Amino acid sequence: MDDNYFGSYFRRRIIFVIMVGFFAISITQLFNMQILEQPSYSEKSDENSVKPIYQTAPRGVFFDRNHKVLVGNKPSFTLRITPSTYDKKLTPYIEAILGSNPGYIDRILKQNESYSKFIPRRIAKDVSFKVIAWYEENASKLPGVDYIMETQRDYSFGIIGSHMFGYTKEIPMETYLHRKNEYDIGDNIGFGGIEKTYEDYLRGDKGIKYMLVDSKQKTIGRYKNGEEDQATVKGDDLILTIDKDAQSVAEEAFKDKRGAVVAIEPTTGEIIAFLSSPQYDLQDFAKVTTNEVWRELNNNPDKPMFNRASMSTFAPGSTFKMISAIAALEEGIIDTNYRVTCNGGFQFGDRFFKCLHVHGTVNVQTSIEKSCNTFYYSLVNKIGLDVWSKYAKKFGFGSKSRIDIPEEAAGIVPSTDYYNKVYGKNGWTKGFVISLGIGQGELNVTPLQLAQYAALFANSGKSARPHFLKGYTDTRINQYVEVKPQTYDIGISKKSFDIIRRAMYLVVNGAGTATNIRSDELQISGKTGTAQNPHGKEHSLFIGFAPFNNPKIAIAVLVENAGFGSTIAAPIARDVIKAFLIKGDKKENKNLAASTNIQEEQIAH
Amino acid sequence: MHINYKLQDRFDLAIFIPMIVLVIFGLLAIYSSTYNHPTASGNFQKQLIFAIIAVIGFFITFSLPQQLFKSFAIPVFFMSLFFLLAVLVVGKTIYGAKSWFGVGGFGFQPSELAKLGTILMLAYWLTYKSRDINNLLDIGVALAIGFVPIMLIMLEPDMGTSIVFAIITISLIFWSGISLFGLFVVLSPGVVVFASLFGVYTFIAALLLIVAALFFFKRDLFNSVTVFIINLSAGFFFDYAFKILKPHQQKRIASFLDPSADPLGSGYNALQAKVAIGSGGFFGKGFLHGNQTQLRFIPEQWTDFIYCVIGEEFGFLGSVLVITLFLIIFLRLFKLSSTAKDKFSVLIIIGVLTLLFSHFAINIGMNLGITPVIGLPLPFLSYGGSSLLINMVMLGIVMNIYRNRKLHT
């Protein structure tokens, strides 16, 4: 070939073409990348280096009616694991430093398996500073592990209130799927009680902090000096109707008892105290709740998770006698002169219904004062089942009170229809009805309903829907919004109420069944009761209100398996009433502003 | 103007000015990529000192008598081979390769000196009296001159530099006028080796192609069989050589063949480099304002990935300017190769051109994501004293040839 010589033209041309060709290719590629595809590369570059850090807003705080903190917030460290980059070989070390049992991390990861593995899982909340220091020292050897600082519920304000407050928990998958716009996976959501009902008030608005991160996801600084950041908006603080002193006395009294206390402000329906005992430790839910904790709570024979105050139903016993009495008075079946002789019981057909004592001649007031059964055995048949049932329902029994927590039972008030449905048209007898007169039989009520019932006697038939929320501070407009009570009147004459109220006064202050709690200072009126319990010893009951002339508090106390009402339940009622009515000079922290401004900072590493 | 003309007559500004501008670009990029860096923030000052030393080196070689270079060829070549051997024994290991001599705070890379030595030696051998480039023995010796340093550098191991040596060797043989068949004999093992990377079937296909080509050239049976055996053994030899490659090098090859195989390794760097350059846009993000660079998304960016600092912070304008400056140097070297007075000088210029161009093409290609990730510095810009010094010294030699082009003709 003729071009096989040193530096031939052909060879020069090849070298030239290679050089210029490569130059042309490079320019084309640069044009493509830097001009045509610049937006997409820019986006990638920003995605790379600008990391949005979502900051959960501190939840609203709960205050009692006197602005004392009930449930607060506190900053805490949360250790997280992102499964996509996590090395399972690290598990034993992390478990050792956390002081948790072997297998703990595996279980948490398994519990959350259904989520994307790129989403960090909260492994331990409220971890000690020692753990964080250890993490910081070894961060480079701990891929997929990080921690954030977030706020956590603080329950260290002296009362427990587990059933009314409820708890917060990581949002479950199915809820998340419905509320994707509002929540991210791993966010906490209210799970029961007030936390659930007022979730939308409490959660506040998330903040976003844009951070610059380097290739190792290490934070270098703020993006655009924080110009684009969005501040968190703290959730609304709730002012609850609860009186911390009264609640605290109730909790103290129930330390070793099972039962419930509900106290209500009679005119407004404001719940002053609300207790179901035994309680559970809300602090357990503030941490990462393991299946063990759940299992333990659910398997406990005392059923600590069960809200007895508004969910447990039982026959109310003698506390229900006022229903028959007021129905008979209102319907004109009896008047104050109507008398019955108690010989210790009542013969109906071949069945003898017992009274506890031989009361002799009894009128409507003494029948309540001394709790005579005989009086009511005969009376209820005179009233008739459906009229009696109508009056029971007027007082709120047999239906939900629409209290502002999700856990509530309606109870049962039998009627002709009810018995027909359950036993068939001819399957039941009048004997069924006789025991209803003394609050036994197939009657099912809740402590909450009994408290509201007491409130209606206290205020002579006028009250309001029972509720926990007195008002809230709207954080966005920084204003206190008061919640108006929803009042109602059950339409029963004051005359009838006066007779019954007088009788209830005598129960405590006359020769009645609860004179042991008599107090001139408090002027308590009430009624004792013993609820039959098919599973064991009877439940002790007391309902009442005080002071007599201008009632400020109505109350129902249930003590499970405690026997006669006056000995156990009535003194507890008295103590709670006293705590509410007579305020000492105790100076407590009333500083509302200081506790609402708990700062939250979330740091990502 | 007269003075300028006289200066240009003895000193080619068309090479010198782009070279200095590139060095300045390099210094800026090094400053930016090591800005506030915990361990590398001293690199800018070091590179500034290297640049001054390199410019001095440039002027020294520029002013030496031209005849010296021919007599330097053999001693420099063997000295560099000696250093290459020595570095394997006593060298410092940096980034998994034994390619450095540590002297005080500075290191020296003998492979850089070997570039100079090999170019001088090849130019010397290929232009010695009446060399017949199509003589199998002469080609064999020429190949051996290139092959010995390639083997030694592969043992360090430094694959990128070995490739550059191979390209230089082939270019110089090519320039010397090797016949198409000769070139086929030299290149075909490379094709077979490359094909064998993709597996047995492509390897067999490549061998079949070689057989077809041999029929086309219609050489005698002995020649054809010899060439085929050379090819076959090249394939097997490479298979063996691949196994002695360090795992990170095998990974690099694998990552080129299948980019998804290693998303966080060398493929990650290539991706981040592309993102850096692409996000620079037309004007760039501004000096010290590239987030890819400043947030250290690309490790050791001041060495092999220096170009994406330019791309990100100086944008399309800066990127094009840099490669245009390179093109000016290359075209100028190319032009000078035809004005040099003797074949030895021509081959030196072609050798320097090939050296710089192969570094440039492999590095820019890697940064732009059009060639595999092969660790090679970008001449004049990347951080590194030995490379900067040798590159400038080689341009000094070219400039020396330019200065003397009109003598004795």
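A compact table of results
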{"read-out": "Cα-based convex hull, the range A:56-197, per residue volume (Å³, whole number)", "value": "133 Å³"}
{"read-out": "Selected from A:T336, A:F129, A:T91, residue furthest toward positive end of dipole (chain A; charges at beta carbon)", "value": "A:T336"}
{"read-out": "Relative exposure of A:T91, A:T473, judged by other C-beta atoms within 10 Å (fewest first)", "value": "A:T91, A:T473"}
{"read-out": "Placed amide H near A:I272: partners under 5 Å, 5+ positions off or other chain", "value": "A:A263, A:I264, A:E265"}
{"read-out": "FRET efficiency estimate (nearest 0.05) - Cβ-Cβ, B:Q8 to B:Y240, R0 60 angstrom", "value": "0.70"}
{"read-out": "Amide H partners (placed H, <5 Å) of A:I239, local residues excluded", "value": "A:F63, A:K470, A:G471, A:Y472, A:T473"}
{"read-out": "Residue-span extension gain [A:I185 to A:F432] - 0.36 nm each, minus C-alpha spacing", "value": "83.5 nm"}
{"read-out": "Long-range HN-HN contacts of A:R121 with modeled amide H, under 5 Å", "value": "A:I81, A:T82"}
{"read-out": "Given charges at beta-carbon only (K, R positive; D, E negative), |dipole| of the protein assembly as shown in Debye", "value": "460 debye"}
{"read-out": "For the range B:2-394, convex hull of alpha carbons as volume per residue, Å³", "value": "156 Å³"}
{"read-out": "Given charges at beta-carbon only (K, R positive; D, E negative), |dipole| of the range B:27-171 in Debye", "value": "180 debye"}
{"read-out": "Span-like helix ranges in chain A, DSSP H, alpha carbon extent 20 angstrom or more, Kyte mean at least 1.0", "value": "A:9-31"}
{"read-out": "Inverse of mean 1/r across different Cα pairs in the protein assembly as shown, Kirkwood, Å", "value": "36.4 Å"}
{"read-out": "Charge dipole (the protein assembly as shown, unit charges on Cβ, about Cα centre) - positive-most of B:Y31, A:A511, A:M211", "value": "B:Y31"}
{"read-out": "Unit Cα scatterers, Debye sum, the range A:43-126: log10 I(q)/I(0) for q = 0.17, 0.19 Å⁻¹", "value": "-0.88, -0.97"}
{"read-out": "Difference of contour (0.36 nm per residue) and Cα-Cα distance, A:I25 to A:Y9", "value": "3.4 nm"}
{"read-out": "Label-to-label distance, nm, for residues given as A:I490 and A:R339 (7 Å Cα→Cβ offset)", "value": "3.0 nm"}
{"read-out": "Computed magnitude of the charge dipole of the range B:2-394 (debye, nearest 20; Cβ of K, R +1, Cβ of D, E -1)", "value": "420 debye"}
{"read-out": "The range A:305-406: trypsin sites (Lys or Arg not before Pro) falling in loop per DSSP and having at most 16 other Cβ within 10 Å", "value": "A:R339, A:K400, A:R402"}
{"read-out": "Residue (of B:F314, B:L331, B:L347) at the positive-pole extreme of the range B:299-354, dipole from beta-carbon charges", "value": "B:L347"}
{"read-out": "Relative contact order (%) - the range B:2-394, alpha-carbon pairs under 8 angstrom, separation at least six", "value": "24 percent"}
{"read-out": "A:D281 paired with B:V141, simple spin-label distance in nm, labels 7 Å along Cα-to-beta-carbon", "value": "9.1 nm"}
{"read-out": "Value of [θ]222 nm, deg cm²/dmol, for the protein assembly as shown, DSSP H segments ≥ 4, -39500 (n - 2.57) each, nearest 500", "value": "-16000 deg cm²/dmol"}
{"read-out": "Dimensions in Å of the range A:169-302 - Rg and Dmax from alpha carbons", "value": "20.6, 64"}
{"read-out": "Cleavage-rule hits (GluC sites (Glu not before Pro)) in the range A:478-572: DSSP loop, at most 15 neighbouring Cβ within 10 angstrom", "value": "A:E521"}
{"read-out": "Which of A:L98, A:L506, A:L448 has the fewest Cβ neighbours within 10 Å, and the rest in rising order", "value": "A:L98, A:L506, A:L448"}
{"read-out": "A:T361 versus A:H67: modelled label distance in nm, points set 7 Å from Cα along the beta carbon direction", "value": "5.9 nm"}
{"read-out": "Alpha-carbon spread of chain A, three principal axes, descending order, Å", "value": "143, 60, 45"}
{"read-out": "Difference of contour (0.36 nm per residue) and Cα-Cα distance, A:S40 to A:L177", "value": "46.3 nm"}
{"read-out": "Order of A:S389, A:S324, A:S401 - criterion: other Cβ atoms within 10 Å of each residue's Cβ, fewest first", "value": "A:S401, A:S389, A:S324"}
{"read-out": "Cα Rg, Dmax (largest Cα-Cα span) when computed across the range A:247-345, Å", "value": "20.5, 65"}
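Throughout, read-outs are computed from the coordinates displayed, never taken from laboratory work. Owing to the predicted nature of the structure, the values given are computational and were not obtained by experimental measurement. All Cβ positions, even for glycine, are placed from backbone atoms using ideal geometry, and neighbour counts span all protein chains on display.
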